[in-house]
1. If only one of A:L45, A:L27, A:L11, A:L76 is at the interface with another protein chain (Cβ under 10 Å from one of its Cβ atoms) and of a type in the set (A, V, I, L, M), which one is it?
2. Keeping to the stretch B:91-111, report how many residues are at pLDDT 90 or above and more than 7 Å from chain A (Cβ to nearest Cβ).
3. Can you pull out every residue in the stretch B:50-93 that is hydroxyl-bearing (S, T, Y), touching an Asp or Glu at 6+ places or on another chain (Cβ under 7 Å) and within 16 Å of B:S28 (Cβ to Cβ)?
4. Scanning for something under 19 Å from A:I4 (Cβ atoms) and part of a loop (DSSP other than H, G, I, E, B), does the stretch B:11-33 turn up at least one residue?
5. Restrict the check to the stretch A:24-39 and report whether at least one residue is surrounded by fewer than 19 Cβ atoms within 10 Å (Cβ to Cβ) and of a type in the set (G, A, S).
6. Against the definition (within 11 Å of another protein chain (Cβ to nearest Cβ) and among the charged types (D, E, K, R)), how does B:D67 come out, yes or no?
7. Among the residues of the stretch A:6-55, which ones are within 12 Å of the chain's Cα centre (by Cα) and without any contact (Cβ under 8 Å) to a residue 12 or more places away in the chain?
8. Could we say that B:P17 is in contact with a strand residue (DSSP E or B) (Cβ under 6 Å, 6 or more places away or on another chain), over 22 Å from A:G58 (Cα atoms) and at pLDDT 95 or above here?
Amino acid sequence: DGGITQSPKYLFRKEGQNVTLSCEQNLNHDAMYWYRQDPGQGLRLIYYSQIVNDFQKGDIAEGYSVSREKKESFPLTVTSAQKNPTAFYLCASSAGPSSGANVLTFGAGSRLTVL
Amino acid sequence: DAKTTQPNSMESNEEEPVHLPCNHSTISGTDYIHWYRQLPSQGPEYVIHGLTSNVNNRMASLAIAEDRKSSTLILHRATLRDAAVYYCILSLYNQGGKLIFGQGTELSVKP
């Protein structure tokens, strides 16, 4: 079945450590996105990529980095510069804005806790 | 960025229709209106989208005002499984289809 796979589902990190969250899709989608969600809040856009080897900052990119070397993969690194990294991280993909509506398909999420 | 405004919470009775409102007064002519819903600790699920005309699918209906400054998601017969946070968002055409989520409406369904 086509879909988005995020791993790990749960991750614990010590302060000062970088951590990388994986996102893989087999939907042949051009665009991929990372969102962050805090308890009781909506989703905030971290980074997005509309094509391989290109990505743009979202609203809260500070302390995060991404790469898009393959169409299927869009990993997110939470660096030690991120002041409050404990959150639920969601990856999504879409056919891209050229498809018109740009409907998103989401992964199941990764919950990061900083100890 | 174009914003949407929704009530924080709504209640419904099981098997009754539910109308979830959304205001998007700064929408531009090429922005699509999307609705997603999210259960706790899960990724959001696509519900429906539209541009100008009303839309129906197996999950819901979307009614779009003539001036496009508001829309309403209609669940025709609410079930307990419809209890979720519902997000009304815009796909910003002039920003590469970027989707900005707001706070959403938490829908509770009473048996």
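The values are calculated or read from the model by the stated rules, or taken from the named source; none is laboratory data. Model, not experiment: these values are computed from the prediction. Don't worry about glycine lacking a Cβ; one is built from the backbone with ideal geometry, like all the others, and counts go over all protein chains shown.
1. A:L45
2. 7
3. Within the stretch B:50-93, B:S91, B:Y93 qualify.
4. We begin by selecting, within the stretch B:11-33, every residue under 19 Å from A:I4 (Cβ atoms); these are none.
Scanning the stretch B:11-33, I find no residue that is under 19 Å from A:I4 (Cβ atoms) and part of a loop (DSSP other than H, G, I, E, B), so the answer is no.
5. no
6. no
7. Of everything in the stretch A:6-55, nothing turns out to be within 12 Å of the chain's Cα centre (by Cα) and without any contact (Cβ under 8 Å) to a residue 12 or more places away in the chain.
8. So B:P17 fails the test.
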